[in-house]
Amino acid sequence: MPIPDFQSIMLPLLKLLEDAIPHHVRELRPVLEEHFSLTEEERNELLPSGRQRRFENRIGWALTHLKNAGVIHNAQSGVYQLTQRGREVLSSNPTRIDLHLLDQFEEHLEFRRRRSAAININNEQVENEQSVQTPREILERAHQTLRESLARELLDSILNASPSFFEQLVVELLLKMGYGGSRQDAGQAIGRSGDGGVDGIIKEDKLGLDVIYVQAKRWQGTVGRPEIQAFAGSLEGYRARKGVFITTSQFSAEAKDYVSRIEKKIVLLDGQQLSELMIDHDLGVAIEDTYIVRRVDSDYFSEE
């Protein structure tokens, strides 16, 4: 089954606390994973940032809402216990606990009002999305949308630039990724063709213990198997075992299948991946805003 949203987690989570014994969130997570029959892949699925598991994040927000509704409380950092109000809620045998049910408590309504004001909810669609996704997921989704938009803008800028600028861009990116040795080495090795692309051999490391053959083309059409096959053949002339083919467009399925079956290691880098690598390595982009998301440091509050 798909990973449940944080509201669907609330009732089984509350039932786990029905014994009135304080439980650490670390104890609750594996039991909930079993309850929802999550696969290993679903248990380990990360948020787009790659810094937290999605299910763990949703448990956290289920706990946050339950705590703000007064049905559970923090016995200590990371440890939760059922309250009298929580026992009363469970005694009514609800089939589901969600935001609507928790809104009967003024404390939860006030918590929701504060959150709504903070994120400026101004339409029903956003409100509905809020009820399914956690704030962390919404923030990361917005970040991903901005990143995708930036990647498209970068690719447009690359296509509008001159061939010589594209050669320089490839040199800069490879250097930032740790390839090419020095700037002088990379500059001399790349940029020898005059067809609007670049070809050359670069060092895989600063010592030049191995080399990588590079071909890059500012294309708008799909790069097919014949172009990749020709590139693989050219590696023989350089006694190269590794190659990178960079394009501003995309590769055909046949081209991708071909490189997966040959002995040589050839990496295909399409326009989307090229722009994403530029973002990751701060090439051609500038920081506009920075947001810091903080969490409670459980170790600080530990009195053990």
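The values are calculated or read from the model by the stated rules, or taken from the named source; none is laboratory data. Not measured: the values here are computed from a predicted model. Here Cβ is always computed from backbone atoms with ideal geometry, including for glycine, and neighbour counts include all displayed protein chains. Surface accessibility is based on the protein's heavy atoms, side chains included, excluding ligands, DNA and RNA. Shrake-Rupley method; radii C 1.70, N 1.55, O 1.52, S 1.80 Å.
In table form, for the structure just shown:
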| read-out | value |
| --- | --- |
| Exposure rule at most 12 other beta-carbon atoms within 10 Å, DSSP loop trypsin sites (Lys or Arg not before Pro): the chain longest free segment | 97-191 |
| Positive-end extreme of charge dipole, the chain - chosen from Leu109, Ile279, Gly237 (charges on Cβ) | Gly237 |
| The range 14-31 versus the range 132-168: alpha-carbon centroid distance in Å | 41 |
| Once the Cα gyration tensor of the range 1-73 is diagonalised, semi-axes √(5λ) in Å | 21, 13, 11 |
| Accessible area per residue, Å², the chain with all protein chains present, probe 1.4 Å | 58 |
| Spatially near lysine pairs across the chain, Cα under 27 Å, sequence gap of 8 or more or different chains | 26 |
| Percent carbon-and-sulfur accessible area, the chain, ignoring ligands, DNA and RNA, probe 1.4 Å | 49 |
| Sparse-neighbour loop sites [chymotrypsin sites (Phe, Trp or Tyr not before Pro); the range 275-304; at most 15 other C-beta within 10 Å; DSSP] | Tyr291 |
